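The structure under discussion appears below in the form of structure tokens.
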Amino acid sequence: MRSTKALPYFLLAPATVFLVVFFLYPFVLVAIDAFTKGGAVTLDNFRTMTSNWKFSETFRNTMLLAAVVVPIQLAMALSMATIVSKLSTGRSAILYIFAIPLGLSDLAAGLIWLAIFEQSGFLNSWLVSLGLIDKPIMFLGYQNKWVIFIAVVLAEVWRATAIMMVILVAGMGLIPKEYYEAAEVFGASPWKRFVKVTLPLLRPSLQTALILRVILAFEVFAVVAALAGTQFPVLMGETYHWQFALQDRGVAAAFAMLILVISIAFTLLLLYLLRVPKEARL
Amino acid sequence: MTVVTNDLPAVPAAVTDARKAGSGLLIACIVVLCVWVLLPIYLLLVNALSSPAEVTSFPKRMIPSFDFGSLSFFLNFQGVGKALWNSVVVALLTMVLSIGIGAPAGYALSRFDFPGKEAFRFLVLMTRAFPLPLLALPLAVLFIRTGLDDTAFGLAIVHTTLSLPFAVLITFSLFSGIPVELEEAAWTLGCNRWQAFRKVVLPLALPGIAASAVFAFTISWNEVFAAAVLTIENRTLTAFLLQSINVSPLYLKFAGGAALVVPALIFIFAVRKYLFAMWGIANR
């Protein structure tokens, strides 16, 4: 059985080598940037980061955005995946339409929602033609921060729900039909079947989808940049700002470390909450 | 016990009524969701297919005037065609790299228990947890030293660090969902490990692998920041757009957005069969 023992390492070797060279090594360089200044080990970069007047707002915005966007996306992705798996006619067309935002850049998504929310945009046109307002409102100005927030939430939900949906559709496809038939024989309602059969058996896919989505939510950048410019600071935007506008790689690296810590914390939490016991694997 | 055949289930009238109401609701949901997905794209295309003057005028019409002023201005912008080509090359390289490296790792994680497994999983997740943009900066220095700077392959490597964890996680989830007993049955029937994988597991997993290839391509196609940092002469479309978009008027932004969106629509359309086949697994 020697070959079987070596096989997993053989299969993992390319990925491991790739990650060590192109991830771990540059990662170490960024960590060094964050914890040093002028060659000396220091926490100055972190102090500069947290003492900036924008920092608490930036942090709050990012967390709030993730807290609002991810649950909405989970509910929508589950509904969409359930609908797709129920269809008998036109399913490939519907699946294609639902999956469209998956192929779109966050930059493009930001521009798409900019077309709706800008001052001469479609939302203002509709509101005026319905007689609700007299003249166009500047939705994306500093005096309408909550509208900016809603616009960013809509753009994020619109853009990134499809990624979760496709993972969940794939996962649902792998659940044997017999379980549903058995549940139906015992008189389980569609909702009961969803809660008692689909959700538990979907756990590996749910875990994958949620981890991908939560981490991406902390990295929101181009959508915000296109819709709000600098009026709605988020962690990634500030990282970019410190890196290029303020030319301070150390503070930018400190921001990166902060995003990293939040992301890892939530990943571990999801791994724990949605763990699949080996005996329960399909 | 009676034998109920699959094509002729005995359904009472009340259940049929309930199903009809249910399907009405289902259709309503589908229509709403389709409008939700398609309308914003349509509005962007309306803007892209209007003249520059119409884009900045108010109020907006819902029907495009099919004036190609905005688009031709954008397309005649120097370097757009080359940027498009660069984007495709980088995305294809990323797709091949991440599936070629990621799928074996996903399979190993799903089928074996071995020392170091959790460490590898953690490494993969940590990769994804780290913001790529900052990673691109030390890599830029590294690439200049090795001659990979400003090349499609160099950028594809960075995009692969971004898409590889997707590929590993998705293929892991996928292979985990395929019962190991199927493989064991194939071994009993005389297949070796590779044959069993190729003849039993791969056909079941292929649609999902295709889906994760879609992710890899999409991630690369959509990526803005690393592309902007790592390419100078060989800019991809997103990097090119970002570079010109900061100084461009609304009609150029929307034409550029449309140029990003339309190829993406075509690409997703081209792989729609794989998405459909993924659904088909449920009918086994």
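The values are calculated or read from the model by the stated rules, or taken from the named source; none is laboratory data. Quantities reported herein were computed from a predicted structural model and do not represent experimental measurements. With ideal geometry, Cβ positions are generated from the backbone for all residues, glycine too; neighbour counts draw on all protein chains shown.
Quick one: which residue in A:Val28, A:Val20 is surrounded by fewer than 19 Cβ atoms within 10 Å (Cβ to Cβ), without any contact (Cβ under 8 Å) to a residue 12 or more places away in the chain and under 30 Å from B:Arg193 (Cα atoms)? Spell out how you get there, then give the answer.
Values: A:Val28 fails: under 30 Å from B:Arg193 (Cα atoms).
Only one candidate passes the filter, namely A:Val20.
Residues in the range A:125-152 that are closer than 28 Å to B:Ala259 by Cα and more than 7 Å from every other protein chain (Cβ to nearest Cβ): how many?
11
May I ask you to verify whether B:Leu43 is of a type in the set (A, V, I, L, M, F, W, C), within 7 Å of chain A (Cβ to nearest Cβ) and either closer than 24 Å to B:Val224 by Cβ or surrounded by 16 or more Cβ atoms within 10 Å (Cβ to Cβ) (or both)?
Considered against the rule, which asks whether it is of a type in the set (A, V, I, L, M, F, W, C), within 7 Å of chain A (Cβ to nearest Cβ) and either closer than 24 Å to B:Val224 by Cβ or surrounded by 16 or more Cβ atoms within 10 Å (Cβ to Cβ) (or both), B:Leu43 comes out as yes.
Check whether at least one residue in the range A:255-263 is out of contact with any strand residue (DSSP E or B) (no Cβ under 7 Å at 6 or more places or on another chain), at pLDDT 85 or above and more than 24 Å from B:Ala226 (Cα to Cα), and report yes or no.
No, there is no match, as no residue in the range A:255-263 is out of contact with any strand residue (DSSP E or B) (no Cβ under 7 Å at 6 or more places or on another chain), at pLDDT 85 or above and more than 24 Å from B:Ala226 (Cα to Cα).
Select the helices (runs of 4 or more DSSP H) contained entirely in the range B:36-117, then report the ones holding at least 2 residues which are under 28 Å from the mean Cα position of the chain (by Cα).
Of the helices (runs of 4 or more DSSP H) lying wholly inside the range B:36-117, those with at least 2 residues that are under 28 Å from the mean Cα position of the chain (by Cα) span B:69-75, B:80-111.
Condition check: more than 20 Å from the chain's Cα centre (by Cα) and modelled with pLDDT of 85 or more. Does A:Ile100 satisfy that?
no
When you go through (1) over 30 Å from A:Thr239 (Cα atoms); (2) modelled with pLDDT of 85 or more; (3) of a type outside the set (Asp, Glu) one by one for A:Ser129, which number turns out not to apply?
Among (1) over 30 Å from A:Thr239 (Cα atoms); (2) modelled with pLDDT of 85 or more; (3) of a type outside the set (Asp, Glu), A:Ser129 violates only (2).
Quick check on the range A:131-153. Is at least one of its residues more than 30 Å from B:Met126 (Cβ to Cβ), β-branched (Val, Ile, Thr) and not in a helix (DSSP H, G or I)?
yes
Does the range A:40-81 hold any residues that are over 20 Å from A:Leu212 (Cα atoms) and among the hydroxyl-bearing types (Ser, Thr, Tyr), and which are they?
Within the range A:40-81, A:Thr42, A:Thr48, A:Thr50, A:Ser51, A:Ser56, A:Thr58 meet the criteria.
Look through B:Ala239, B:Ala156, B:Ala211 and report the one residue that is more than 7 Å from chain A (Cβ to nearest Cβ), closer than 16 Å to B:Met95 by Cβ and within 19 Å of the chain's Cα centre (by Cα). Reasoning before the result, please.
Values: B:Ala239 fails: closer than 16 Å to B:Met95 by Cβ; B:Ala211 fails: more than 7 Å from chain A (Cβ to nearest Cβ).
Only one candidate passes the filter, namely B:Ala156.
Out of contact with any strand residue (DSSP E or B) (no Cβ under 9 Å at 6 or more places or on another chain) and closer than 25 Å to B:Pro165 by Cβ: does that describe A:Phe194?
no
Report those helices (runs of 4 or more DSSP H) wholly inside the range A:1-78 carrying at least 3 residues which are within 30 Å of B:Ala108 (Cβ to Cβ) and among the β-branched types (Val, Ile, Thr).
On the way: elements: A:2-19, A:25-35, A:44-51.
Once the helices (runs of 4 or more DSSP H) in the range A:1-78 are filtered for at least 3 residues that are within 30 Å of B:Ala108 (Cβ to Cβ) and among the β-branched types (Val, Ile, Thr), what remains is A:2-19.
Could you tell me whether the range B:137-149 includes any residue that is modelled with pLDDT under 85, within 24 Å of A:Leu268 (Cα to Cα) and either part of a helix (DSSP H, G or I) or within 22 Å of the chain's Cα centre (by Cα) (or both)?
For the range B:137-149, residues modelled with pLDDT under 85, within 24 Å of A:Leu268 (Cα to Cα) and either part of a helix (DSSP H, G or I) or within 22 Å of the chain's Cα centre (by Cα) (or both): absent.
Regarding B:Ala210, is this residue buried (at least 21 other Cβ atoms within 10 Å of the Cβ) and assigned to a helix (DSSP H, G or I)?
no
Would you confirm, using the coordinates I've provided, whether A:Tyr142 is of a type in the set (Phe, Trp, Tyr) and without any contact (Cβ under 8 Å) to a residue 60 or more places away in the chain?
So A:Tyr142 does not fit the description; no.
Which of (1) in a helix (DSSP H, G or I); (2) within 7 Å of chain B (Cβ to nearest Cβ) does A:Ser120 not meet, given it meets every other one?
(1)
Looking at B:Leu45, B:Leu123, can you tell me which residue is modelled with pLDDT of 80 or more, under 30 Å from A:Ala34 (Cα atoms) and among the hydrophobic types (A, V, I, L, M, F, W, C)?
B:Leu123
Can you tell me which residue within the range A:89-113, out of those that are in a helix (DSSP H, G or I) and more than 7 Å from every other protein chain (Cβ to nearest Cβ), is surrounded by the fewest Cβ atoms within 10 Å (Cβ to Cβ)? Give the steps one after another, and end with the answer.
In the first step, residues of the range A:89-113 are kept if they are in a helix (DSSP H, G or I); the result is A:91-103, A:106-113.
The next check asks that each one be more than 7 Å from every other protein chain (Cβ to nearest Cβ); those that pass are A:93, A:109-110.
Numbers: A:Ala93: 13, A:Ala109: 28, A:Gly110: 24.
Taking the candidates together, the pick is A:Ala93.
Return only the number of the condition from (1) surrounded by fewer than 20 Cβ atoms within 10 Å (Cβ to Cβ); (2) over 30 Å from B:Leu26 (Cβ atoms) that A:Lys86 does not satisfy.
(2)
Please find, among B:Val180, B:Val200, B:Val168, the residue that is in contact (Cβ under 8 Å) with a residue 12 or more places away in the chain and facing another protein chain (nearest Cβ under 7 Å).
The match here is B:Val168.
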